[in-house]
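Trainee: Right, I'll just put the structure down here and ask away after.
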Amino acid sequence: MIQERRAIGVPVIRAARFVLAHVPDLVMSGSKPRRELARQGEVLRTQLRAHLRSFRDAVAYPPHQVLIGNQVPELLYEFPRPWHMRPMDNAPAVGAAGMIIDQDSFYAWLARADTANLIVLDDAYAPRIAAGLEGVRVSTRDAAGLARAVSAGAEPFHCDGHDGDVRVAGVVLPGHEEDESLRAPVLLENLAAKVTGALALRRLRDEVAPHEPVDFLLGSGEEAVGDRYQRGGGNLAKAIGELAGVRTPGGADVKAFCAGPVHALILAGALIAAGVHRRVVVVGGGSLAKLGMKFRGHLTVDYPILEDVLAGMAIDVVADDGRSPELRLDAAMVHRIEDGGAGHHMYGALAQAPLRTLGLRLSDVDRFAVELHNPDITEPAGSGDVPGNNYTMLAALAARAGEITREQMPAFVRAHGLPGFSPTQGHIPSAIPYLPHAILGLTEGTMTRVQFIAKGSLFLGRMTGMSDGASILLERNAQFLRKGVTS
Amino acid sequence: MDLEEQGTIKRVVEGSERSRMVVLLGTPNKGSTTMIALTLTQGDPSYAGPLAGVPLGLPIHHILEPEVREAIPADVYAREIGPLEFVLDATGISAALKDVRAR
């Protein structure tokens, strides 16, 4: 029988989950520490190790508690900074919006993720994580064997750097003798992204409609997966899905630097609206290269190394369920080639213009989610308070449009903005960490609409001087709104 | 301003007709305005870069100063600068420039 054409539907964002992997020993493998350690050696290594956080400290860190949904972002306004001085007593490692795992658990997942048999664990370390390795075939070698592998190009990963004698926990072997794209450090980066993305997807799948099949995965992380013939051409989405144990979806990757996830959400919404798929999950894994990226600033002001977590995320986009916030595709916006790259040009194009098409003002949006970098991470390195500066720009646009006076700008920022609480994991801070809070506010709370605005730095790849960006608008579900009125 | 930028500006100024040049700053605050204005008029105050001890003596203005604004068509100014007037400390920046000019 010939199938009827599927009806065009309203896409909704049903849930989002974030997973943090606290990996203090991998800070040394981040791009910046790695380069500086090569130049300065043991003195710097000792200094870095003295500034690493314990898992307990990472869990009790207020911004992390906000990210996994145990606290609301606004709480951070009440906490004097720096926030690592305000640990939260008895903070759990799991929350409604995600969880934080420790380094041993992460390494066990790394071994689980290794389909090419390139990970070799230290034979004394492997028993420590045996519980996480159940059903996994793992290669082990003694310390001397691992040292020989490292001298032949393997990339080590360590343990006990925070509270013991640091030692090699295992290595990743090179994927090919002559292929720059399959060098061991590259593979460790990509496996780290695969693991964190998969853990977020598992969390989402386990907690949200576990029996409802996922049709499609859109990878939106920044890692380049591929070999010498198509460096960066790979598809991490399906690899993430396989590791997460989901069987039904296909998948593909969307790349747009930091703005990737919001571009992917627009595409996911369009796939749902067009009836191509019924459930699309946007996924992204963490960025190992960015661990310790701003460590110099943190050492200068004697902070712990705050960039010691990898972040993974999974966002569930489905057809209208009568409750979840609607993704207004008619207000989805991308930064066009002809648009200017200055801050007010970007926000004019991405925030103000789509609202105007709906007859809305900036003041009609309950909250804006912009790049939500944690200012405790960025300020000591001279990068300023990223969300603070962006909200000031939005307030200035509102003032110029005559919605508010110049004197009302700080109040606008407080009422419509947010404190930054995201780790500086590239695509992760770009607005999406607010999704779990926005979904709650747009269903159980009193909010009507939230705009998510992401910016990306296309110029980083040396292919263009352009910036990029994308925005989406979430609104309280129309059906849910009617039910709320009548009941 | 990094050392490479100082070197570029020095080359440009020395290779062209100085009387036809003017410096137009877009610096975001008082401190950066003072530092760059001093560098491009009296020489690098930190004595670290190619402009150390090189007083270019160029006339210097900031995009947010009223006389600059008046010299630019209103629609162009609104499009290109727009809300930055509300974001940046225009009064402090103007005062910093006046201070440098008076030195």
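The values are calculated or read from the model by the stated rules, or taken from the named source; none is laboratory data. Computed from a prediction, not measured in an experiment: that's the story for all the values here. Positions of Cβ are generated from backbone atoms using ideal geometry, with glycine treated the same way; all protein chains shown enter the neighbour counts.
Trainee: Kindly list, by first and then second residue, each pair from a residue in region A:358-387 that is closer than 26 Å to A:ILE439 by Cα to a residue that is part of a strand (DSSP E or B) and among the acidic types (Asp, Glu), limited to pairs with Cβ atoms under 7 Å and residues at least 6 apart or on different chains.
Mentor: A:VAL386/A:GLU371; A:PRO387/A:GLU371
Trainee: Going through region A:310-345 one residue at a time, which ones are part of a helix (DSSP H, G or I) and within 14 Å of chain B (Cβ to nearest Cβ)?
Mentor: Within region A:310-345, A:GLY343, A:HIS344, A:HIS345 meet the criteria.
For (1) free of Cβ contacts under 8 Å to residues at least 24 places away in the same chain; (2) part of a helix (DSSP H, G or I); (3) touching an Asp or Glu at 6+ places or on another chain (Cβ under 9 Å), each residue gets a yes or a no:
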| residue | (1), (2), (3) |
| --- | --- |
| A:ILE453 | no, no, yes |
| A:PHE459 | yes, yes, no |
| A:ALA470 | no, no, no |
| A:LEU474 | no, no, yes |
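Trainee: When the residues of region A:162-171 are filtered to those that are farther than 16 Å from A:ILE129 by Cβ and in contact (Cβ under 8 Å) with a residue 24 or more places away in the chain, which remaining residue is surrounded by the most Cβ atoms within 10 Å (Cβ to Cβ)?
Mentor: Here the answer is A:HIS162.
Trainee: Can I ask one more? Name every residue in region A:410-436 that is out of contact with any helix residue (DSSP H, G or I) (no Cβ under 7 Å at 6 or more places or on another chain) and within 19 Å of A:LYS255 (Cβ to Cβ), in order of residue number.
Mentor: A:ILE428, A:PRO429
Trainee: Right, another one. Only one residue in A:ARG148, A:ARG141 is touching a strand residue (DSSP E or B) at 6+ places or on another chain (Cβ under 6 Å), of a type in the set (D, E, K, R) and farther than 25 Å from A:LYS32 by Cα, so which one is that?
Mentor: A:ARG141
Trainee: Restricted to region A:391-410, and to residues that are of a type outside the set (Val, Ile, Thr) and in a loop (DSSP other than H, G, I, E, B), which residue is nearest to the other protein chains (Cβ to nearest Cβ)?
Mentor: Once the filter is applied, the top-ranked residue is A:ALA401.
Trainee: Also: Return the residue satisfying two criteria in turn: it lies in region B:67-81 and is outside any helix (DSSP H, G or I) and away from chain A (no Cβ under 14 Å), and of such residues it is farthest from B:GLY43 (Cα to Cα).
Mentor: Filtering region B:67-81 for residues that are outside any helix (DSSP H, G or I) and away from chain A (no Cβ under 14 Å), the one farthest from B:GLY43 (Cα to Cα) comes out as B:PRO73.
Trainee: Need a quick list: helices (runs of 4 or more DSSP H) entirely within region A:25-76 having at least 1 residues that are surrounded by fewer than 16 Cβ atoms within 10 Å (Cβ to Cβ) and of a type in the set (D, E, K, R).
Mentor: The helices (runs of 4 or more DSSP H) meeting that bar are A:31-40, A:42-49, A:55-60.
Okay, residues lined up against (1) without any contact (Cβ under 8 Å) to a residue 60 or more places away in the chain; (2) closer than 27 Å to A:LEU440 by Cα:
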{"position": "A:ALA58", "(1), (2)": "no, yes"}
{"position": "A:HIS84", "(1), (2)": "no, yes"}
{"position": "A:ALA91", "(1), (2)": "yes, yes"}
{"position": "A:MET99", "(1), (2)": "no, yes"}
{"position": "A:TYR125", "(1), (2)": "yes, no"}
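Trainee: Of everything in region A:235-273, what is in contact (Cβ under 8 Å) with a residue 60 or more places away in the chain and not in a helix (DSSP H, G or I)? Give them in sequence order.
Mentor: Selection gives A:ALA256, A:PHE257, A:CYS258, A:ALA259.
Trainee: For region B:23-66, what are the residues that are outside any helix (DSSP H, G or I) and within 9 Å of the chain's Cα centre (by Cα)?
Mentor: Across region B:23-66, the qualifying residues are B:VAL23, B:LEU24, B:LEU25, B:GLY26, B:THR27, B:PRO59, B:ILE60, B:HIS61, B:HIS62, B:ILE63.
Trainee: What's the number of the condition A:PHE368 fails, among (1) closer than 24 Å to A:ARG414 by Cβ; (2) assigned to a helix (DSSP H, G or I); (3) more than 14 Å from chain B (Cβ to nearest Cβ)?
Mentor: Every condition holds for A:PHE368 apart from (2).
Trainee: Something else now. Given B:LEU84, B:LEU97, B:LEU58, which one is more than 14 Å from chain A (Cβ to nearest Cβ), in contact with a helix residue (DSSP H, G or I) (Cβ under 8 Å, 6 or more places away or on another chain), under 30 Å from A:GLY340 (Cα atoms) and crowded, with 17+ Cβ neighbours inside 10 Å?
Mentor: B:LEU97
Trainee: Only residues that are farther than 15 Å from A:ALA311 by Cβ and not small (Gly, Ala, Ser): list them for region A:180-199, please.
Mentor: Matches in region A:180-199: A:GLU180, A:LEU182, A:ARG183, A:PRO185, A:VAL186, A:LEU187, A:LEU188, A:ASN190, A:LEU191.
Trainee: Being away from chain B (no Cβ under 14 Å), surrounded by fewer than 20 Cβ atoms within 10 Å (Cβ to Cβ), in contact with a Ser or Thr (Cβ under 8 Å, 6 or more places away or on another chain) and not in a strand (DSSP E or B): is that true of A:ARG296 here?
Mentor: Against the criterion (away from chain B (no Cβ under 14 Å), surrounded by fewer than 20 Cβ atoms within 10 Å (Cβ to Cβ), in contact with a Ser or Thr (Cβ under 8 Å, 6 or more places away or on another chain) and not in a strand (DSSP E or B)), A:ARG296 does not qualify.
Trainee: Given the options A:ASP160, A:ASP142, name the one that is modelled with pLDDT of 95 or more and over 30 Å from A:VAL281 (Cβ atoms).
Mentor: The match here is A:ASP142.
Trainee: (1) closer than 19 Å to A:ILE428 by Cβ; (2) not β-branched (Val, Ile, Thr); (3) not in a strand (DSSP E or B): which one isn't true of A:HIS162, the others all being true?
Mentor: (1)
Trainee: Could you tell me which residue of region A:372-390 is nearest to the other protein chains (Cβ to nearest Cβ), considering only residues that are in contact with a strand residue (DSSP E or B) (Cβ under 8 Å, 6 or more places away or on another chain) and either aromatic (Phe, Trp, Tyr) or assigned to a helix (DSSP H, G or I) (or both)?
Mentor: A:ASN390
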